[in-house]
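Since the structure comes first, as C-alpha cells, the remarks are kept for the end.
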Amino acid sequence: MFITNMSRTRTPENSLMRRVDLSSLTRELREFFAKLRREETPVVLVEEGGKVLAAVVGPWELESYEENREKLGALLRELREANRGISGKDIEADIEAALQEVRSGSAI
C-alpha cells in the first residue's frame, strides 16, 4: 500500500477516523489533494470499476457533518426522553394519525 504513515484516531463520537500525513503520499496524490483544497470541492467519490471505494471530504464539510451529527444526537436524546414510558404501539398510532392528517390535507 502506498500510504505508509496512517493512524486511527478516536473522535469524541467514538467513531474511527483515519489520519494520513500528506508527506507520506505520492506526488500525484499530494497534487490531487492540493487541487481539491484550491477548488474547495466539498466531496470527491473515489471509484474503481464504477463502484465507490471511498469518499474524500474537505475539512469544512467534516466540521459541518460533525456539528449536524451532534445536533441530531441531541434531538434524538430529547425525543427519547419525551417518549419515555409511552408504548411503541401508542407512538406508532400517533405517527399514523399524523400521517393521515397530512395526507388528507387537514394538517396546517
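Fully extending the segment from GLU63 to VAL46 would add 4.1 nm, taking 0.36 nm per residue of separation and subtracting the current Cα-Cα distance. Can you bin the range 62-104 into rounded, prolate or oblate? Criterion: square roots of the alpha carbon gyration tensor eigenvalues sorted a ≥ b ≥ c, rounded for a/c under 1.5, prolate for a/b above b/c, oblate for the rest. Cα axes put the range 62-104 in the oblate bin. Within the range 21-88, the trypsin sites (Lys or Arg not before Pro) that combine a DSSP coil assignment with at most 14 other C-beta atoms in a 10 angstrom radius are ARG84. Of ILE86, LEU75, VAL102, which is farthest on the positive side of the dipole of the range 62-104, counting Cα position, with +1 on Lys and Arg Cβ, -1 on Asp and Glu Cβ, and the Cα centre as origin? Of the candidates, ILE86 comes out farthest on the positive side. Note on the range 24-39 and the range 63-108: Cα centroid distance 42 Å, given to the nearest whole angstrom. With each label modelled as a point 7 angstrom along the Cα→C-beta vector, the ALA93-GLU70 pair spans 4.0 nm. To the nearest 0.05, how large is the calculated FRET efficiency for VAL102 and GLU81 if R₀ is 22 Å and r is the Cβ-Cβ distance? Efficiency, from the Cβ-Cβ distance: 0.30.
A short reminder: the numbers here are calculations on the coordinates, not readings from a lab. Since the model is a prediction, treat every value here as computed from it, not as a measurement. In this analysis, Cβ positions are derived from the backbone assuming ideal geometry, glycine residues included, and neighbour counts consider all displayed protein chains.
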